[in-house]
Amino acid sequence: MAKTRVGIFGAGYIASVHADILAGDERVELVGVADMVEANAARLAERIGDARTGTTLEDLFRMEVDTVYITTPNTTHVDPVVASLNEGRNVFCEKPMATDLAGGDRIREAALASTGSYNLGMNRRYAYTHDKLKRLIESGELAPYSAQLKLNRGELLRPAWTADPSKTGGFLYETTIHQIDLLTYLFGSIATLRCAARSAISDAEFDDFSMLFTFESGTVATLSSSAHSGWSFPFERVEIYGRYATAMTEELERVRYALELDQTVHTEDYTHIPFAEKGGYVKEDRLFIDALQDGGEPPVDVDDACALNLLLACIYESARENREIDFSARVRESIG
Ligand SMILES: NC(=O)c1ccc[n+]([C@@H]2O[C@H](COP(=O)([O-])OP(=O)(O)OC[C@H]3O[C@@H](n4cnc5c(N)ncnc54)[C@H](O)[C@@H]3O)[C@@H](O)[C@H]2O)c1
């Protein structure tokens with residue numbers, strides 16, 4: 001089987017995480033790295049060995065990559081994704097897919113017309129903590145009657161652009177998107193949602209959010225997210241309540257669960273597992289390369305990505321208009 005020829009577009013922090021993982025996959029050849037800041041491309045290329053460097057997406061195309069990792073900032077994803085798909089290249093794009101519905105539609109159209117595949121990077125699905133929750137639910141050991149989730153950020157100061165919605169698309173697209181994705185990944189289709197939000201410390205439209213979701217399964221869940229909690233633990237948590245049962249995550253480090261009344265509380269502790277592994281990055285890259293090599297569906301395909309993009313837009317709409325949204329109806333409308 002021919003190796004997958006990967007080019008990386010955007011050579012910052014998360015690009016280095018993927019590059020390290022891909023460099024260890026014998027099915028992959030890391031062909032090139034491009035970044036508008038040439039020195040960033042050169043630094044990453046040096047880190048992974050003998051990859052070529054460039055400053056534009058077209059430089060990567062000329063290197064005959066068949067697959068492009070898009071790892072530029074949030075509001076710069078859509079154009080390079082569409083251009084890559086139009087060139088018949090496979091795309092792995094970091095979250096978010098887009099920061100509005102029109103961007104998601106453009107990607108969907110390009111993906112449907114392309115011979116290349118599209119995949120959205122949603123590593124938290126495969127984090128050890130969430131993988132454990134998913135297995136408890138799928139095995140029937142834990143029926144999720146209700147849940148509360150949170151995902152905070154310490155500040156919107158370092159780096160300064162995290163407070164700039166023209167770069168992030170808004171706080172939910174930057175940080176909370178991970179937990180929003182977990183809602184449907186763990187509990188299935190959302191029926192209704194309601195979000196109350198305020199802007200407390202930044203110039204962004206909103207930086208504090210309280211959300212309420214009902215699911216078609218009957219599950220009910222809340223999600224709280226603040227952009228300025230100061231980094232004190234816990235800043236990331238999922239708690240699920242079943243019949244005399246609770247399962248909860250503690251950051252990406254531990255899961256604790258008890259599945260019966262008066263029974264042992266089990267703890268799985270992942271503290272000593274390397275971050276890229278326990279954070280789900282290794283698995284998301286492996287599943288994506290598996291799909292390319294075997295001709296299968298990518299793990300988070302364009303329909304999954306569009307569904308998440310619609311959910312984010314509806315949460316913002318609920319906050320702006322101060323009302324509940326019938327999300328099932330929105331999904332039906334979007335399918336046409
Ligand atoms: N899944 C995760 O856990 C996770 C974690 C961090 C970041 N991310 C996502 O990854 C993306 C990148 O984040 P980061 O933290 O690596 O950012 P970063 O600032 O560290 O790196 C971004 C790089 O892209 C380059 N760049 C910017 N605009 C460009 C353009 N138009 N053309 C070419 N290069 C350009 C910059 O020079 C920089 O080297 C973001 O979308 C972010 O949301 C995901």
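Quick grid of which residues meet (1) under 28 Å from residue 331 (Cβ atoms); (2) out of contact with any Pro (no Cβ under 9 Å at 6 or more places or on another chain); (3) open to solvent by less than 60 Å² (accessible area, probe 1.4 Å):
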| residue | (1), (2), (3) |
| --- | --- |
| 261 | no, yes, no |
| 265 | no, yes, no |
| 277 | no, yes, no |
| 292 | no, no, yes |
| 310 | yes, yes, yes |
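Taken over the range 12-27, residues that are within 16 Å of the ligand (Cβ to nearest atom), open to solvent by 10 Å² or more (accessible area, probe 1.4 Å) and in contact with a Leu (Cβ under 9 Å, 6 or more places away or on another chain) amount to 2.
Give 60, 30 a once-over and let me know the one that is in a strand (DSSP E or B), in contact with a strand residue (DSSP E or B) (Cβ under 7 Å, 6 or more places away or on another chain) and either within 12 Å of the ligand (Cβ to nearest atom) or of a type outside the set (Val, Ile, Thr) (or both).
Within the list 60, 30, the selection yields 30.
Considering only the range 317-330, I want to know if a residue exists there that is touching a helix residue (DSSP H, G or I) at 6+ places or on another chain (Cβ under 9 Å), open to solvent by 50 Å² or more (accessible area, probe 1.4 Å) and part of a helix (DSSP H, G or I). Yes, there is a match, as at least one residue in the range 317-330 is touching a helix residue (DSSP H, G or I) at 6+ places or on another chain (Cβ under 9 Å), open to solvent by 50 Å² or more (accessible area, probe 1.4 Å) and part of a helix (DSSP H, G or I).
For the range 1-11, the set of residues classified as in contact with a Ser or Thr (Cβ under 7 Å, 6 or more places away or on another chain) and either within 10 Å of the ligand (Cβ to nearest atom) or of a type in the set (Val, Ile, Thr) (or both) consists of 4, 6, 8, 9, 10, listed by residue number. Restricting the first member to the range 99-123 and to residues that are within 16 Å of the ligand (Cβ to nearest atom), and the second to residues that are hydroxyl-bearing (Ser, Thr, Tyr) and open to solvent by less than 90 Å² (accessible area, probe 1.4 Å), the beta-carbon pairs closer than 6 Å and six or more apart or on different chains are 99/75; 99/173; 123/281.
Only a single criterion out of (1) open to solvent by 30 Å² or more (accessible area, probe 1.4 Å); (2) within 8 Å of the ligand (Cβ to nearest atom); (3) in a helix (DSSP H, G or I) is not satisfied by residue 42, namely (2).
Looking at 271, 267, which one is over 19 Å from the mean Cα position of the chain (by Cα) and over 18 Å from residue 239 (Cβ atoms)?
271
For residue 51, the requirement of being within 23 Å of residue 295 (Cα to Cα), outside the structural domain of residue 176 (by TED's automatic domain parsing) and either more than 10 Å from the ligand (Cβ to nearest atom) or open to solvent by less than 10 Å² (accessible area, probe 1.4 Å) (or both) is not met.
Among the criteria (1) assigned to a helix (DSSP H, G or I); (2) closer than 26 Å to residue 302 by Cα; (3) free of Cβ contacts under 8 Å to residues at least 60 places away in the same chain, the one residue 75 does not fulfil is (3). Taking the range 298-336 as the range and being over 14 Å from residue 95 (Cα atoms) and of a type in the set (S, T, N, Q) as the test, the residues that pass are 318, 322, 328, 334. Taking the range 123-215 as the region of interest, the helices (runs of 4 or more DSSP H) fully inside it that hold 2 or more residues being modelled with pLDDT of 95 or more are 128-138, 177-187.
The values are calculated or read from the model by the stated rules, or taken from the named source; none is laboratory data. Note that the structure is a prediction, hence the values are computed from the model and not measured. Heads up, the Cβs are rebuilt from the backbone with ideal geometry, glycines too, and the neighbour counts pull from every protein chain shown. Just the protein is used for accessible areas: all its heavy atoms, side chains included, with ligands, DNA and RNA removed. Shrake-Rupley method; radii C 1.70, N 1.55, O 1.52, S 1.80 Å.
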